[in-house]
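Here the structure comes first, spelled out in structure tokens, and everything after it is commentary.
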Amino acid sequence: MILFCGDPHGEFDHIILRVQQDRPVAVVILGDLCLHQTFEQTFAPILGLTNIWFIHGNHDTDEVRYHDHLFGGPERNLHGRVVEIDGFKIAGLGGIFRSQVWYPPELPRFSTRQDFQTHCGKGNLWRGGLPRKHRSSIFPEDILLFQGLKADILVSHEAPKEHPHGFQAINELAQSLGVKHIIHGHHHDSFKYDAPDKINVGLRNIVALNTNRNT
């Protein structure tokens with residue numbers, strides 16, 4: 001079993017309890033963790049019980065502590081890669097589209113982080129690099145990371161086009177990967193899609209994928 005967890009926004013007791021009850025093979029958190037302490041401290045009760053993965057959300061760069069607690073720990077971020085988890089190849093795309101960078105279907109203003117850094121001005125840099133806010137922005141170069149890769153599931157923070165606030169770019173990435181399912185967070189109300197291949201996991205909700213079944 002793999003548990004897909006909607007945006008926790010700093011609350012994790014429900015995830016910890018569910019893991020202790022169900023003992024899943026893995027947990028995938030769909031962004032906006034907003035960690036108030038380190039990853040290891042937050043999930044200490046279950047680190048020995050399951051494998052915990054995540055993609056980042058837009059609010060994970062709101063504060064320095066959120067950023068550092070999430071990105072400064074073990075390499076559990078699925079963003080920009082495909083990882084095999086309990087027999088499923090899972091691709092991850094964290095972050096959101098922002099108009100200052102790229103807001104599909106509009107053409108991107110900047111294709112790479114380096115392009116953005118060059119034009120944003122030294123005063124806007126953070127720790128000598130990309131402004132903190134835009135460390136959770138999606139750039140076209142993030143999509144290029146998946147060229148030639150295949151997956152069974154795409155987990156993203158942003159939604160596909162069928163959602164009222166979704167993007168065709170997510171569908172196009174899913175199509176290129178050949179996935180069977182898109183599972184996303186970000187939108188706190190659990191929007192119900194017409195087809196079971198797309199799942200919106202709402203605020204602090206949990207969806208279980210039984211890996212013993214044919215999905």
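Couple of notes before you dig in:
- Picking from residues in the range 107-123 that are open to solvent by 90 Å² or more (accessible area, probe 1.4 Å) and in a helix (DSSP H, G or I), the one that is modelled with the lowest pLDDT is Lys122.
- For the range 133-146, a residue qualifies if it is within 15 Å of Asp60 (Cβ to Cβ) and open to solvent by 60 Å² or more (accessible area, probe 1.4 Å), and the qualifying residues are Lys133, Arg135.
- Scan the range 49-72 for residues that are open to solvent by 20 Å² or more (accessible area, probe 1.4 Å), at pLDDT 95 or above and in a loop (DSSP other than H, G, I, E, B) and the total you get is 3.
- Residue in the range 10-24 that is out of contact with any Phe, Trp or Tyr (no Cβ under 6 Å at 6 or more places or on another chain) and under 25 Å from Ser176 (Cβ atoms) present: no
- Residue within the range 55-67 that is of a type in the set (Asp, Glu), out of contact with any Lys or Arg (no Cβ under 9 Å at 6 or more places or on another chain) and under 25 Å from Val179 (Cβ atoms) present: no
- The C-beta contact set for the range 22-33 (first residue within 15 Å of Gly6 (Cβ to Cβ) and without any contact (Cβ under 8 Å) to a residue 60 or more places away in the chain, second residue of a type in the set (A, V, I, L, M) and not in a loop (DSSP other than H, G, I, E, B), distance under 7 angstrom, 6+ apart or interchain) comprises Val27/Leu3; Val27/Ile15; Val27/Val19; Val27/Ile52; Leu33/Leu70.
- Some residue of the range 96-106 being assigned to a helix (DSSP H, G or I) and either touching a Cys at 6+ places or on another chain (Cβ under 8 Å) or open to solvent by less than 10 Å² (accessible area, probe 1.4 Å) (or both): no
- Test for Leu35: is it of a type in the set (A, V, I, L, M, F, W, C), modelled with pLDDT of 95 or more and either assigned to a strand (DSSP E or B) or surrounded by fewer than 19 Cβ atoms within 10 Å (Cβ to Cβ) (or both): no
- Count - residues of the range 138-166 that are touching a residue at least 60 places away in the same chain (Cβ under 8 Å) and under 16 Å from Gly80 (Cβ atoms): 12
- Within the range 147-158, the set of residues being open to solvent by less than 20 Å² (accessible area, probe 1.4 Å), of a type outside the set (S, T, N, Q) and over 14 Å from Arg98 (Cα atoms) comprises Ala151, Ile153, Leu154, Val155.
- Whichever residue in the range 170-199 is hydroxyl-bearing (Ser, Thr, Tyr) and at pLDDT 95 or above and, among such residues, is surrounded by the most Cβ atoms within 10 Å (Cβ to Cβ): Ser176
- For the range 140-157, the set of residues classified as more than 19 Å from Phe54 (Cα to Cα) and of a type in the set (Asp, Glu) consists of Glu141 only.
The values are calculated or read from the model by the stated rules, or taken from the named source; none is laboratory data. Nothing here was measured: the structure is a model prediction, and the numbers come from that model. Please note: Cβ atoms are built from the backbone with ideal geometry, for glycine as well, and neighbour counts cover all protein chains shown. Heads up: the accessible areas ignore ligands, DNA and RNA and are worked out on the full protein's heavy atoms, side chains in. Shrake-Rupley method; radii C 1.70, N 1.55, O 1.52, S 1.80 Å.
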